[in-house]
1. List pairs: first residue in the stretch 171-189 and modelled with pLDDT of 95 or more, second residue within 12 Å of the ligand (Cβ to nearest atom) and of a type in the set (F, W, Y) anywhere in the structure, Cβ distance under 6 angstrom, at least six positions apart or on different chains.
2. Quick one: which strands (runs of 3 or more DSSP E) sit completely within the stretch 122-226 and have at least 3 residues that are among the hydroxyl-bearing types (S, T, Y) and within 16 Å of the ligand (Cβ to nearest atom)?
3. Can you pull out the residues in the stretch 250-291 that are within 16 Å of the ligand (Cβ to nearest atom) and out of contact with any Phe, Trp or Tyr (no Cβ under 9 Å at 6 or more places or on another chain)?
4. Would you mind finding the one in L277, L338 that is part of a helix (DSSP H, G or I) and more than 24 Å from P174 (Cα to Cα)?
5. For the stretch 465-507, which positions are of a type in the set (K, R) and not in a helix (DSSP H, G or I)?
6. May I ask you to list the residues in the stretch 440-459 that are surrounded by fewer than 18 Cβ atoms within 10 Å (Cβ to Cβ) and either among the charged types (D, E, K, R) or away from the ligand (no atom under 16 Å from the Cβ) (or both)?
7. Look at A337 and say whether it is among the aliphatic types (A, V, I, L, M) and within 19 Å of L449 (Cα to Cα).
8. For P434, state whether it is modelled with pLDDT of 95 or more and either among the hydroxyl-bearing types (S, T, Y) or touching a Pro at 6+ places or on another chain (Cβ under 6 Å) (or both).
Amino acid sequence: MARLRIAYARIAQETNALSPVRTELADFERTHLFAGAELHANCQKGGYEAPGFLKNAELSGFIRAVEAEGGVEAVPLFSAWAVPNGPLSAECFATLRDRLVAELEAAGPVDALFLVLHGAMNADGQAEPEAALVAAARTVLGDKPVAVTMDLHANLSREKVAAMDLICAYRTNPHRDHAKVGERCGRILIRQLKGQVRPTRAWRSLPLILGGGTTVDFLPTMRPLFRRMKQLEKDPRVLYCSLFMVHLWNDSPEIGWSTHVITDDAPELAEQLAEELADLAWGVRDVMPPEFPGPAEALAKVRRARLARAIGTVTLCDASDVVGTGAAGESPHLVKALLEATDLVSYAPIRDAGVIDQIWGTPEGERVQVTLAGKLDPARNPPLPVEGTLLRKLPTEPFGRVAVLDLGALKLVVTEGQPLAMKPAFYKDVGLDPMKADAVVVKSLFPFLLYFLPYHRRAVYVRTQGVSDFDAARELSFLDPVHPFDPVTAWRPIDRMRRGLVPRPAA
Ligand SMILES: [Zn+2]
């Protein structure tokens, strides 16, 4: 048999549609943009696929699949990954889409495309940007298979399912199986091309946008569902099960949890299992995530956590301004509360390019007076004047220019770009030791729990008001009633409309 050629690429960004900030090409360039031989080298054993983020992710997994299955030439295109943010500008989206097409053309004949997407991307002027990316690729590929991996926070839709041949989601939350998912998806694709399997698929869409408790895969509410998927895959006819728990802040009118099952030449089994998993997911809809306390109560918790503070620190998740879910990172609300909490040594980030411009010429050690926030999203992030000492200024790759302000007990890290405070290195790299703080603010919803393991003894979530609040999604418009915002008694009628089996009633 002739050697197979499979092109591989990534275009990934998770969009918070409520953010007024647009994602531009520069955001991808700043975070992660590799191509050709460099991308290929990064994805090999011993390489670093996503520097600063992950040693091995989906594309390294795909390369493992290529090595394991044999007889395949992996053809690198490019990998573009940006921090979650507002929608892609029309220009940014068009540039990435056109590059995918151009690089596929330049790659010469290939048998398939392996593509890493997030699954919850919005772009200006595009109703279904990720389906549109695949449609553009098909102008070169025709009907050759397109295998896609997605985050389990993706929003599946009829358009996506129709556009893509294989869809495989992460199976962990917080996510730690990127490479494994890439490898499994890659192996199914290669075996399909070799005629060893014949993938058949089914999916279901639930009118459910929030439930499942904390949605952590190994905690009691969701653990039985993730275990069930693993168990189902022991049957050799079951190639892959996915459960999507949605990115709540996406502008996607048919948003909802969904299930997707790939079987080997067993379409009825796929239908049956997609249905079973949908019922299980519907069964945990009333387990709500915990209500997060406001700043006063959250800081009282930090004060009470004496032992945690003595042997490490307390992470304070700014749940209303989670950059990891696409918020701008400009919120002053928690900063204000920490300024007033003069008995607690704390570190916090804030994004303010204007303040960076204003103080960049000031020598370190001098006093500065600045007004934070009120620039990107003034309605949600009102201006906050502060006065303190400029401790440090330094250029960084991921966050642009960074300045550290000493505001008394609070050390504030002002960033030019998105302050993705998710790892201890965010503070350590600017000279702040997390172990010396009573509380450090993170702008990550789940992943920080893993990264801060050696430092924090307690995590406290705090709610102020911002685009990553669960109920902020009420500002978006949905085509169907969705749980828990509306009373919904059954998922099947809405699923059938969403899958196009029955027409939507005229409005
Ligand atoms: Zn996710």
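1. Once the first residue is modelled with pLDDT of 95 or more and sits in the stretch 171-189, its partners that are within 12 Å of the ligand (Cβ to nearest atom) and of a type in the set (F, W, Y) give D177/Y170; V181/Y170.
2. Values: elements: 146-150, 166-169, 199-205.
Where strands (runs of 3 or more DSSP E) fall fully within the stretch 122-226, none carries at least 3 residues being among the hydroxyl-bearing types (S, T, Y) and within 16 Å of the ligand (Cβ to nearest atom).
3. N250
4. Values: L277 fails: more than 24 Å from P174 (Cα to Cα).
The unique qualifying residue is L338.
5. Initial filter on the stretch 465-507 (of a type in the set (K, R)): 474, 492, 496, 498-499, 504.
Within the stretch 465-507, R499, R504 qualify.
6. L453, P454, R457, R458, A459
7. Numbers: among the aliphatic types (A, V, I, L, M): yes; within 19 Å of L449 (Cα to Cα): no.
Spelling it out, it is not the case that A337 is among the aliphatic types (A, V, I, L, M) and within 19 Å of L449 (Cα to Cα).
8. On the way: modelled with pLDDT of 95 or more: yes; either among the hydroxyl-bearing types (S, T, Y) or touching a Pro at 6+ places or on another chain (Cβ under 6 Å) (or both): yes.
For P434, the condition - modelled with pLDDT of 95 or more and either among the hydroxyl-bearing types (S, T, Y) or touching a Pro at 6+ places or on another chain (Cβ under 6 Å) (or both) - is met.
The values are calculated or read from the model by the stated rules, or taken from the named source; none is laboratory data. Since this is a predicted model, take the numbers as computed values, not measurements. So basically every Cβ, Gly included, is an ideal-geometry build from the backbone, and we count neighbours across all protein chains shown.
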